[in-house]
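Reading through the structure tokens given below for one structure.
The values are calculated or read from the model by the stated rules, or taken from the named source; none is laboratory data. None of these values were measured; they are calculated from a predicted model. Ideal geometry is used to build each Cβ from the backbone, glycine not excepted, and the neighbour counts take in all protein chains shown. Side chains are part of the model used for accessible areas, which takes the heavy atoms of the whole protein and leaves out ligands, DNA and RNA. Shrake-Rupley method; radii C 1.70, N 1.55, O 1.52, S 1.80 Å.
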Amino acid sequence: MNTYSQGSTSTPASSVGAHPALRSHERASGVADRYVHFANSALGRRVISAFGLPQPAVLRRWQPHEPEFPGPVMVDTSPGSALGDRLIGMLEGLGANVVSPARVDIVKGLHALVFDATTVQSSAELKRFFDFFQPRVRSLAACARVVVLGRPPQQAAMTAQSIAQRALEGAVRSLAKELRQGATAQLIYVTPGAEGALESTLRFFLTARSAFVSGQVVRVDPPVDPVVTWDRSRPLTGRTAVVTGASRGIGEAIVRVLAREGARVIGVDVPAAEVALRRVCESVGGLALALDVTAADAGARMAQAADGCIDVMVHNAGITRDKRLVNMREDQWSSVMEVNLLAPERVTEALVALKALPRGARVVCVSSMSGIAGNAGQVNYAASKAGVIGLVQSYAPRLAPDGVTINAIAPGFIETQMTGAMPFAIREAGRRLNSLGQGGQPVDVAEAIAWLAHPGSGGVTGQVVRVCGQNWLGA
């Protein structure tokens, strides 16, 4: 049975006269959105303003030699917070210029607003959220970041606290939909005792690495093992990563980003894709493994290629065989299930049995928005991707005692060869129906996976994070 990469790239349209940031990410992804080009040209801005059309911003993505915090980060903490000075010290350690809410002279150009809501004990105290954000949202720069820190509502000691903390989710998701110019907002629930395990998550959500992630709610728990130290410029140094579906598209981007972060990468794809797979892997000093992930010995062969130790396992390989259920053949159902769901199940089980996942290992699965919201004509695909979420949630408590985390990324509309072949109307709807008004790039998925693969992300497990620009469909 053939296994294919999750997505692929296509030849870019001409970028002459385009915004420099657009040219930069197109060279990496090979995909262009002509409307974003037009909307950010002088003529386009005039036309769009005249007709009231949506104006998607040019998203700032990570680039070497560019500052991760291009402007001040304003932080609001309250007396008695367990985060307090630790939060400020962590941000300063990452290179942020942290400023106090007392700085009334800053009227624009803020890179981020960080609000510590961990001490909010009642619904009445939610006014602190209003008081902090309402006068300052207009001060945010383009592609700014908003992060709110709270406590998991289900762990609250008092009913009033639980209610108030749950209210933060609605506030943050709504604020994310109101922000403009590529700005994003996220909510991080910090379990008591996990305050020291926040750095990798803050770094991801506060920098250009999370360009296409918005309106997400993530929980950070105390990691099983003590928080370790790492090289901030290459945190995956000394770690071996295996990526399936690695020959093109999203898989290729994952290989390149994990290698950039210091990992030794083993790329896996079907023998039919071996030439492209070798090109990708050899370009980053990695190893190409031509292998069908549905093979009975796939897990054992991946472990063997990694010398028995896989620090990062990325289940990315996937296929589509779209048909309405009434017209679907049995083989179209079975092939999608085999590649997208049964293969990750079998490989993960094999790696556990072979003890090939050491302490501190990270398993990341690529699900889909289709697995969350469903999609007509994709009953097979949606079932497989929802099953991937079930895999993550079932394995998380099982792997946790060994210090191993497992999470899922659920991409929305990502600019790949597959989405580029969609009918025009469907493609444009997919691009525009999110808070950022555009499709994501394969690198956006890869950056999220690199965050979950980070040695400092031991407190994040059993979770599903959407890389969808806050798609208007799904939870």
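Read through the list (1) among the β-branched types (Val, Ile, Thr); (2) more than 14 Å from the chain's Cα centre (by Cα); (3) open to solvent by 10 Å² or more (accessible area, probe 1.4 Å), then give the number of the only condition that Val255 fails.
(3) is the only condition that Val255 fails.
Which number in (1) part of a loop (DSSP other than H, G, I, E, B); (2) without any contact (Cβ under 8 Å) to a residue 60 or more places away in the chain; (3) under 30 Å from Met313 (Cα atoms); (4) of a type outside the set (Val, Ile, Thr) marks the one condition that Ala157 misses?
(3)
Going by what's in this entry, would Val284 be described as touching a strand residue (DSSP E or B) at 6+ places or on another chain (Cβ under 9 Å), surrounded by 21 or more Cβ atoms within 10 Å (Cβ to Cβ) and within 21 Å of Val445 (Cα to Cα)?
Working: touching a strand residue (DSSP E or B) at 6+ places or on another chain (Cβ under 9 Å): yes; surrounded by 21 or more Cβ atoms within 10 Å (Cβ to Cβ): no; within 21 Å of Val445 (Cα to Cα): yes.
Against the criterion (touching a strand residue (DSSP E or B) at 6+ places or on another chain (Cβ under 9 Å), surrounded by 21 or more Cβ atoms within 10 Å (Cβ to Cβ) and within 21 Å of Val445 (Cα to Cα)), Val284 does not qualify.
Modelled with pLDDT of 95 or more, under 19 Å from the mean Cα position of the chain (by Cα), under 18 Å from Gln470 (Cα atoms) and buried (at least 19 other Cβ atoms within 10 Å of the Cβ) - does that describe any residue in the stretch 149-166?
Within the stretch 149-166 (the criterion being modelled with pLDDT of 95 or more, under 19 Å from the mean Cα position of the chain (by Cα), under 18 Å from Gln470 (Cα atoms) and buried (at least 19 other Cβ atoms within 10 Å of the Cβ)), the answer is no, since none of the residues qualifies.
Tell me which of these Val445 doesn't satisfy, since it passes every other one: (1) farther than 15 Å from Ser210 by Cα; (2) under 14 Å from the mean Cα position of the chain (by Cα); (3) not hydroxyl-bearing (Ser, Thr, Tyr).
(1)
Of all residues in the stretch 160-194, which are assigned to a strand (DSSP E or B) and over 18 Å from Val218 (Cβ atoms)?
To start, the set of residues in the stretch 160-194 that are assigned to a strand (DSSP E or B) comprises 184-190.
Within the stretch 160-194, no residue meets the criteria.
Give the stretch 210-224 a look and list any residue that's closer than 16 Å to Ser457 by Cα and open to solvent by less than 20 Å² (accessible area, probe 1.4 Å), or say none. Even if it seems obvious, please write down each step before you answer.
Filtering the stretch 210-224 for residues closer than 16 Å to Ser457 by Cα gives 210, 217-224.
Listed by number, the residues that qualify are Ser210, Val218, Val220.
Here are the criteria: (1) out of contact with any Asp or Glu (no Cβ under 7 Å at 6 or more places or on another chain); (2) open to solvent by less than 30 Å² (accessible area, probe 1.4 Å); (3) part of a loop (DSSP other than H, G, I, E, B). Tell me which single one Ser233 does not satisfy.
Unmet condition: (2).
Table: residues versus (1) buried (at least 17 other Cβ atoms within 10 Å of the Cβ); (2) over 20 Å from Val464 (Cα atoms); (3) not acidic (Asp, Glu).
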| residue | (1), (2), (3) |
| --- | --- |
| Ala300 | no, yes, yes |
| Gln304 | no, yes, yes |
| Asp307 | no, yes, no |
| Met313 | yes, no, yes |
| Asp322 | no, yes, no |
| Val336 | yes, yes, yes |
| Leu341 | yes, no, yes |
| Val352 | yes, yes, yes |
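Under 24 Å from Ala142 (Cα atoms) and at pLDDT below 95: is that true of Gln470 in this structure? Step through it out loud before you land on a result.
Working: under 24 Å from Ala142 (Cα atoms): yes; at pLDDT below 95: no.
When the stated conditions are applied, Gln470 does not pass them.
Which pairs have Cβ atoms under 9 Å, sit 6 or more apart or on different chains, and link a residue in the stretch 427-446 that is farther than 14 Å from Gly251 by Cβ and of a type in the set (S, T, N, Q) to one that is in a strand (DSSP E or B) and open to solvent by 20 Å² or more (accessible area, probe 1.4 Å)?
Listed pairs, sorted by first residue: Asn434/Asn471; Ser435/Asn471.
For Ala246, indicate whether it is crowded, with 24+ Cβ neighbours inside 10 Å, among the small types (Gly, Ala, Ser), farther than 30 Å from Gly170 by Cβ and at pLDDT 95 or above.
Considered against the rule, which asks whether it is crowded, with 24+ Cβ neighbours inside 10 Å, among the small types (Gly, Ala, Ser), farther than 30 Å from Gly170 by Cβ and at pLDDT 95 or above, Ala246 comes out as yes.
Scan the stretch 400-407 and give yes if some residue there is of a type in the set (Asp, Glu) and within 22 Å of Glu349 (Cα to Cα), otherwise no.
If we filter the stretch 400-407 for residues that are of a type in the set (Asp, Glu), which is where we start, we get 402.
Of the ones still in play, those that are also within 22 Å of Glu349 (Cα to Cα) are 402.
Yes, some residue in the stretch 400-407 is of a type in the set (Asp, Glu) and within 22 Å of Glu349 (Cα to Cα).
I need the helices (runs of 4 or more DSSP H) fully contained in the stretch 398-475, keeping only those with at least 1 residues that are of a type in the set (Gly, Ala, Ser) and open to solvent by less than 10 Å² (accessible area, probe 1.4 Å). Steps first, please.
Values: elements: 417-420, 424-432, 442-453.
The qualifying helices (runs of 4 or more DSSP H) are 442-453.
May I ask you to verify whether Ser368 is of a type in the set (S, T, N, Q) and either out of contact with any Leu (no Cβ under 9 Å at 6 or more places or on another chain) or modelled with pLDDT under 95 (or both)? Walk me through it before giving the result.
On the way: of a type in the set (S, T, N, Q): yes; either out of contact with any Leu (no Cβ under 9 Å at 6 or more places or on another chain) or modelled with pLDDT under 95 (or both): yes.
Spelling it out, Ser368 is indeed of a type in the set (S, T, N, Q) and either out of contact with any Leu (no Cβ under 9 Å at 6 or more places or on another chain) or modelled with pLDDT under 95 (or both).
Which condition number does Ala117 fail, the rest of (1) open to solvent by less than 60 Å² (accessible area, probe 1.4 Å); (2) on the phi > 0 side of the Ramachandran plot; (3) not charged (D, E, K, R) being met?
(2)
Restricted to the stretch 309-362, and to residues that are part of a helix (DSSP H, G or I) and among the charged types (D, E, K, R), which residue is farthest from Ile449 (Cα to Cα)? Reasoning before the result, please.
Going through the stretch 309-362, the residues part of a helix (DSSP H, G or I) turn out to be 325-327, 330-353.
Remaining after also requiring among the charged types (D, E, K, R): 330-331, 338, 345-346, 349.
Details: Glu330: 33, Asp331: 31, Glu338: 23, Glu345: 19, Arg346: 21, Glu349: 21 Å.
The selected residue is Glu330.
Take the residues in the stretch 26-79 that are of a type in the set (Gly, Ala, Ser) and part of a loop (DSSP other than H, G, I, E, B), then tell me which one is modelled with the lowest pLDDT.
Gly30
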